[in-house]
Amino acid sequence: MDRNKTSLGNAHENSEELERAREEKEKEAALCLEFLLQNDANPSIRDKEGYNSIHYAAAYGHRQCLELLLERTNSGFEESDSGATKSPLHLAAYNGHHQALEVLLQSLVDLDIRDEKGRTALDLAAFKGHTECVEALINQGASIFVKDNVTKRTPLHASVINGHTLCLRLLLEIADNPEAVDVKDAKGQTPLMLAVAYGHIDAVSLLLEKEANVDAVDVMGCTALHRGIMTGHEECVQMLLEQEVSILCKDSRGRTPLHYAAARGHATWLSELLQMALSEEDCSFKDNQGYTPLHWACYNGNENCIEVLLEQKCFRTFSGNPFTPLHCAIINDHESCASLLLGAIDSSIVNCRDDRGRTPLHAAAFADHVECLQLLLRHSAQVNAADDSGRTALMMAAENGQAGAVDVLVNVAQADLSVKDKDLNTPLHLACSKGHEKCALLILDKIQDESLINAKNSALQTPLHVAARNGLKVVVKELLAKGACVLAVDENGHTPALACAPNKDVADCLALILATMMPFSPSSTMTAVNFVCFKKDNLNRTTLSNLGSMVSLCSNNVGSEDGYNENDSDSETF
């Protein structure tokens, strides 16, 4: 104990010694300055940033030097064209030199002079938490309502941001203006909103004591409660809930504090808010897009919040946006959340559809979430259900190159490979169209029907056309081995060989060149006439008759003389 007393005593003595040393140093500086001034030194000269000797004295808090300079010159510390970004008053206030500030206040006319950002000295003092400077400025009549040019914040906002509660109290009490407590910045934020958002408990308590409006809204329609739940400051939120705060107030997107609590995973707050909300007559839980708190909890994978919500009967039936909570859980690979939903609600939800007719299975296939896919299949999801464009989950997986999903759907769920969408594309067409070789091979491995190998879409293209155009060498080889027809023509009259051309003009040129290549190899069964026949415009009954004899080119029986051997083997991305 004695040792502690000695330590504290030494600290006090050291502090006094430092203060005496500072005063002595300032006296010496003042004597030097006086000597310079007596010898015609010009105190008005400015540096390259526009600051003169008065600015420097204010910035470093040299009161005596400042008094000397102000006696000898009035060189502008209120001049707007000096080039300096801040006045001496700003510099003294920002650095907390209250004695220098008081000297300046005796000579200053405009207490609310602004810096380059429109901030006053009071704003800077409040921002830095210099209570003595704040008190001096307010007592001399500085305004607490002057807003800066950028954020339109007042000294009240500035004090709250850094949690300077003493400065905030001075501003509120000395100013004694009831309108001050709810003043708004450019974003419509009050000091209470900022205090809650930054988690400054003492400031929140003071503002509530001064009867700040807890239901004030910013330009986004958010209240202090929205902000508190969003930032997760527990004590601040609890203080707000103890007030008569609106818990169903909607922001500009129609989201209530319940939506925010569910989205952020605050299960305790959600439970408390839910009990309060259910006691009110109007309990609309849908935002502007029709999403409920359950949608948001599922989307972000907040299991605790899902459990809280499912305790209420109103959430055990899907309502609102048809992109259901189950879709939301699946699209983000939250398998445990999806399992919660399937266990708590009727199993028929496994085949629910969004506004484009897509099921949760489509969502799992699209994103290649294999575990979610398997979960849905275990709950009897309809594997061949087609959306509004006629596409199944397999088609969606194939087009997006999701090999894991394709593997499960083809080999486990035994999805129908012959289903066609509105453009008559099969899963094989779609896999080839985006160059997804692995997906195409997985599908091809299960196809035995030659008619499916040669199926045509609405552009009369076979999978061989599409695979050749996209340079899928292995897929082309497998298609040929399974009997893909090399003479099939699309709507432009192009065979798969001509489909390899980068555009129609190049394909036409290639057809003309091939038609003049005479004679052909003795081993080839084609003639120049046959190449001319590739063009749809030249097809006639005679040609069709001739082509009918060329069975070997349209079947598995490709001759060894041709160099082949028979092969035995939502508003949104989703």
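Annotations
- Cβ separations smaller than 7 Å between residues 6+ apart or across chains give the following pairs from segment 135-161 residues that are hydroxyl-bearing (Ser, Thr, Tyr) to residues that are in a loop (DSSP other than H, G, I, E, B): 143/112; 151/185; 151/186; 154/144; 154/145; 154/146; 154/147; 154/183.
- Any hit, segment 135-148, residues being under 30 Å from residue 219 (Cβ atoms), surrounded by 20 or more Cβ atoms within 10 Å (Cβ to Cβ) and among the aromatic types (Phe, Trp, Tyr): no
Quick grid of which residues meet (1) of a type in the set (Gly, Ala, Ser); (2) within 29 Å of residue 237 (Cα to Cα):
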{"site": "137", "(1), (2)": "no, no"}
{"site": "155", "(1), (2)": "no, yes"}
{"site": "173", "(1), (2)": "no, yes"}
{"site": "195", "(1), (2)": "yes, yes"}
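- Of the criteria (1) at pLDDT 80 or above; (2) of a type outside the set (Asp, Glu); (3) out of contact with any Lys or Arg (no Cβ under 8 Å at 6 or more places or on another chain), which one residue 4 fails: (1)
Residues are listed down the side, and each one gets a yes or a no for (1) closer than 22 Å to residue 405 by Cβ; (2) modelled with pLDDT of 95 or more; (3) in contact with a Leu (Cβ under 6 Å, 6 or more places away or on another chain):
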residue	(1), (2), (3)
426	yes, yes, no
430	yes, yes, no
439	yes, yes, no
444	yes, yes, no
448	no, no, no
456	no, yes, no
480	no, yes, no
484	no, yes, yes
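- Just so you know, in segment 341-362 the residues that are small (Gly, Ala, Ser) and at negative phi include one that is modelled with the lowest pLDDT, and it is 347.
- Segment 167-210 - residue that is at pLDDT below 95 and acidic (Asp, Glu) and, of those, nearest to residue 228 (Cα to Cα): 179
- Condition check for residue 457: surrounded by 14 or more Cβ atoms within 10 Å (Cβ to Cβ) and within 23 Å of residue 384 (Cα to Cα): yes
- Residue within segment 413-421 that is within 34 Å of the chain's Cα centre (by Cα) and outside any loop (DSSP other than H, G, I, E, B) present: no
- Yes/no for residue 326 being buried (at least 16 other Cβ atoms within 10 Å of the Cβ), in contact with a Pro (Cβ under 7 Å, 6 or more places away or on another chain), within 22 Å of residue 237 (Cβ to Cβ) and among the hydrophobic types (A, V, I, L, M, F, W, C): no
- Residues that are closer than 30 Å to residue 195 by Cα, under 44 Å from the mean Cα position of the chain (by Cα) and modelled with pLDDT of 90 or more number at least 3 in the following helices (runs of 4 or more DSSP H) confined to segment 69-153: 88-94, 121-128, 131-139.
- Within segment 447-463, tally of residues that are within 41 Å of the chain's Cα centre (by Cα) and not polar (S, T, N, Q): 2
- Within segment 285-307, tally of residues that are in a helix (DSSP H, G or I) and either surrounded by fewer than 24 Cβ atoms within 10 Å (Cβ to Cβ) or under 22 Å from the mean Cα position of the chain (by Cα) (or both): 11
- The lone criterion from (1) closer than 25 Å to residue 131 by Cβ; (2) modelled with pLDDT of 85 or more left unmet by residue 51 is number (1).
- When residue 46 is tested against (1) closer than 23 Å to residue 93 by Cβ; (2) in a helix (DSSP H, G or I), just one condition goes unmet, and that condition is (2).
- Residues of segment 154-195 that are assigned to a helix (DSSP H, G or I), surrounded by 15 or more Cβ atoms within 10 Å (Cβ to Cβ) and either in contact with a strand residue (DSSP E or B) (Cβ under 7 Å, 6 or more places away or on another chain) or not aliphatic (A, V, I, L, M) (or both): 155, 157, 159, 165, 167, 169, 182, 191.
- For residue 447: the one exception among (1) assigned to a loop (DSSP other than H, G, I, E, B); (2) in contact with a Cys (Cβ under 7 Å, 6 or more places away or on another chain); (3) not polar (S, T, N, Q): (2)
- Test: residue 91 is within 29 Å of residue 186 (Cβ to Cβ) and crowded, with 20+ Cβ neighbours inside 10 Å: yes
- A single entry from 255, 227 fulfils the requirement of being of a type outside the set (Ser, Thr, Tyr), crowded, with 24+ Cβ neighbours inside 10 Å and in a loop (DSSP other than H, G, I, E, B): 255.
- Segment 230-252: number of residues that are over 22 Å from the mean Cα position of the chain (by Cα) and assigned to a loop (DSSP other than H, G, I, E, B): 8
The values are calculated or read from the model by the stated rules, or taken from the named source; none is laboratory data. All of these numbers come straight from a predicted model, not from anything done at the bench. Virtual Cβ from ideal backbone geometry, glycine too; neighbours counted across all protein chains shown.
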